[in-house]
1. Determine which member of the set R131, R69 is within 29 Å of G30 (Cα to Cα), at pLDDT below 90 and open to solvent by 10 Å² or more (accessible area, probe 1.4 Å).
2. Which residues, counting only those in segment 86-105, are in contact (Cβ under 8 Å) with a residue 12 or more places away in the chain and assigned to a loop (DSSP other than H, G, I, E, B)?
3. Looking at (1) outside any loop (DSSP other than H, G, I, E, B); (2) in contact with a Gly (Cβ under 8 Å, 6 or more places away or on another chain), can you tell me which one T8 breaks?
4. Identify, please: which residue in segment 204-220 is under 13 Å from L278 (Cα atoms) and surrounded by fewer than 16 Cβ atoms within 10 Å (Cβ to Cβ) and is, among those, farthest from the chain's Cα centre (by Cα)?
5. Hey, could you check segment 255-268 for residues that are assigned to a helix (DSSP H, G or I) and under 27 Å from G221 (Cβ atoms) and say which is most open to solvent (accessible area, probe 1.4 Å)?
6. Is one or more of the residues making up segment 40-61 out of contact with any Gly (no Cβ under 9 Å at 6 or more places or on another chain), under 16 Å from S129 (Cβ atoms) and among the basic types (K, R)?
7. Considering segment 190-217 alone, what residues qualify as being among the aliphatic types (A, V, I, L, M) and either assigned to a helix (DSSP H, G or I) or out of contact with any Asp or Glu (no Cβ under 9 Å at 6 or more places or on another chain) (or both)?
8. Across segment 148-180, which residue is farthest from Y86 (Cα to Cα) among those that are under 22 Å from the mean Cα position of the chain (by Cα) and exposed (fewer than 14 other Cβ atoms within 10 Å of the Cβ)?
Amino acid sequence: MKLIHVCTSADFSGVRRFPVDLACRLQAAGASCYLMAPPHDCERPLREAGVVSVQESMRGGWGWLEAARHLREGIRKVRPDVIQVYDTRGAWSARLACLGMRAAQCPAVVAALPGFRFGGCMARAALRSCRAIAVISGYLRSRLEQSGMIPSGKSVSVIPYGVDEKLVYPGYTPSQNWQLCWKRAQSPAAGELSLCLPAPISPAYGAEQLVPVLCHLRDKGVRARVYLVGDTSRARPAYLEYLRQMFAKAGLDENIAWPGARTDLRDILATCRVTLSLAREPMAYNRAVLEALALGRPVVGFAVGAVGEYLDSFYPAGRVQPGDTEEFAQVLLRCCSSPAPSLASIPYPYTLSNTAQSFLELYRQFV
């Protein structure tokens with residue numbers, strides 16, 4: 001099976017890395033994948049996986065027209081079975097590229113939506129030409145259906161963006177050298193409860209709600225330290241200062257650590273006793289929370305959006321009603337007084353291999 005993945009953005013950070021990870025894992029599963037995108041910095045993983053990377057400039061607001069021209073040429077040359085798109089411009093590019101082609105020559109167009117990029121009547125029209133639509137969480141499907149984005153008669157499959165089970169798995173332990181370096185850098189106190197809040201330093205992720213939670217723990221005689229793993233250099237200075245002042249006023253300066261943005265998040269998640277999710281607004285995806293759960297670590301979080309779905313599948317004891325910081329602290333205390341959850345394997349469908357297989361099954365419906 002041959003596939004062309006069409007990405008009109010060169011930003012493959014966070015959830016936007018979905019096309020790269022999926023193409024690589026589909027290639028490993030036996031498909032022949034091509035990824036068409038503007039110049040980007042993911043050449044190495046694509047090359048190592050055997051994915052053919054086609055870098056095409058898609059400049060300006062009409063870049064999707066240029067993408068359509070390149071894609072039409074690619075269809076004639078590669079003769080793919082499936083074109084997979086990830087955003088509005090990609091969907092329109094595929095629609096225009098296939099315009100006028102005979103049915104035997106025209107590949108099936110599949111929309112794989114990792115977030116809220118689709119919007120407006122133009123996007124709905126683009127989705128109408130897709131043979132299948134898939135989203136990465138049930139929450140995202142509900143939001144798109146409620147907003148009227150899904151054309152009449154189209155069904156939407158939920159295929160979660162799973163973790164790479166070769167890197168993230170139950171029982172993973174950081175190296176002794178890493179643990180030694182971490183202890184030297186952070187100097188954790190004996191008996192201290194280590195908590196991790198992996199999130200951008202932004203109001204959307206609710207770091208200010210640490211104050212009532214930590215105060216409640218302090219009142220119960222529990223000394224905790226929260227590692228705020230997020231890039232402070234990208235935070236709004238006013239919000240960052242607001243957080244610092246709030247922590248200082250509550251006497252929590254020593255309870256907060258700012259390790260910044262890290263490339264070793266997996267090791268931090270595996271080391272901390274509990275991972276936290278304080279976002280009160282629902283989100284379609286939270287990679288850090290999913291990885292913590294896949295590592296077999298407990299997560300306590302407000303049960304909204306994809307985080308609620310992850311907790312339902314992995315660790316229902318960590319669910320908290322959105323915005324209830326008192327309940328949050330109580331659930332956190334219960335989690336810490338109980339043995340860590342035993343996870344033999346990552347439940348279906350939350351591995352990257354599950355994601356690839358689910359897409360292959362989707363393709364086989366019309367290829």
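The values are calculated or read from the model by the stated rules, or taken from the named source; none is laboratory data. Model, not experiment: these values are computed from the prediction. With ideal geometry, Cβ positions are generated from the backbone for all residues, glycine too; neighbour counts draw on all protein chains shown. Calculation scope for accessible area: heavy atoms of the full protein, side chains included, ligands and nucleic acids excluded. Shrake-Rupley method; radii C 1.70, N 1.55, O 1.52, S 1.80 Å.
1. On the way: R131 fails: at pLDDT below 90.
None of the other options fit; the residue is R69.
2. First pass over segment 86-105, keeping only residues in contact (Cβ under 8 Å) with a residue 12 or more places away in the chain: 86-98, 101, 105.
The answer is Y86, D87, C98, M101, Q105.
3. Checking T8 against (1) outside any loop (DSSP other than H, G, I, E, B); (2) in contact with a Gly (Cβ under 8 Å, 6 or more places away or on another chain), the one that fails is (1).
4. P212
5. Applying the filter and picking the extreme gives N255.
6. No.
7. Pass one, segment 190-217, residues among the aliphatic types (A, V, I, L, M): 190, 193, 195, 197, 199, 201, 204, 207, 210-211, 213-214, 217.
Result: A190, L193, L195, L197, A199, A204, A207, L210, V211, V213, L214, L217.
8. That would be G171.
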